[in-house]
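Trainee: The structure's right below; bear with me while I get my questions together.
The values are calculated or read from the model by the stated rules, or taken from the named source; none is laboratory data. Bear in mind that the values here come from a model prediction, so they are computed numbers and not experimental data. Ideal geometry is used to build each Cβ from the backbone, glycine not excepted, and the neighbour counts take in all protein chains shown.
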Amino acid sequence: MSNVLGQAGWILEVLYALCFIASLVCFFVSVARLARSADNPGIRSKALHDILVSGICFTILGAIGFIFVVLLSFI
């Protein structure tokens, strides 16, 4: 049983890391887009919205990571 939980935990950790890296890349792309759009309010607004969405994703991923660590500490 512990071997199955170990495999599932490893798969979840890899999936979590991939989601975090993808969110981080989206954040940096949005910051770069914000830096390039000084004279275009439409693109600047979209970049700010994307940064906000990336921040929300970081918050959700942090909460999921915390719950995952707490659950694994009990197993």
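Trainee: Quick one: in the stretch 2-48, of everything that is among the charged types (D, E, K, R) and assigned to a helix (DSSP H, G or I), which residue is nearest to Leu72 (Cα to Cα)? Break it down stepwise before answering.
Mentor: So in the stretch 2-48, the residues among the charged types (D, E, K, R) come out as 13, 33, 36, 39, 44, 46.
Cutting the leftovers down to assigned to a helix (DSSP H, G or I) gives us 13, 33, 36, 44, 46.
Working: Glu13: 11, Arg33: 39, Arg36: 43, Arg44: 42, Lys46: 38 Å.
Filtering first and then ranking leaves Glu13.
Trainee: In this structure, does Ile51 turn out to be exposed (fewer than 14 other Cβ atoms within 10 Å of the Cβ), out of contact with any Lys or Arg (no Cβ under 8 Å at 6 or more places or on another chain), β-branched (Val, Ile, Thr) and part of a helix (DSSP H, G or I)? Walk me through how you get there before you give the answer.
Mentor: Numbers: exposed (fewer than 14 other Cβ atoms within 10 Å of the Cβ): no; out of contact with any Lys or Arg (no Cβ under 8 Å at 6 or more places or on another chain): yes; β-branched (Val, Ile, Thr): yes; part of a helix (DSSP H, G or I): yes.
The answer is no for Ile51.
Trainee: Now for a different question. Can you go through Leu24, Leu61, Leu72 and tell me which one is closer than 27 Å to Leu12 by Cα and in contact (Cβ under 8 Å) with a residue 60 or more places away in the chain?
Mentor: Details: Leu24 fails: in contact (Cβ under 8 Å) with a residue 60 or more places away in the chain; Leu61 fails: in contact (Cβ under 8 Å) with a residue 60 or more places away in the chain.
Only one candidate qualifies: Leu72.
Trainee: Hey, could you check the stretch 17-39 for residues that are more than 9 Å from the chain's Cα centre (by Cα) and either of a type in the set (Ser, Thr, Tyr) or at pLDDT below 90 (or both) and say which is farthest from Leu61 (Cα to Cα)?
Mentor: Asp39
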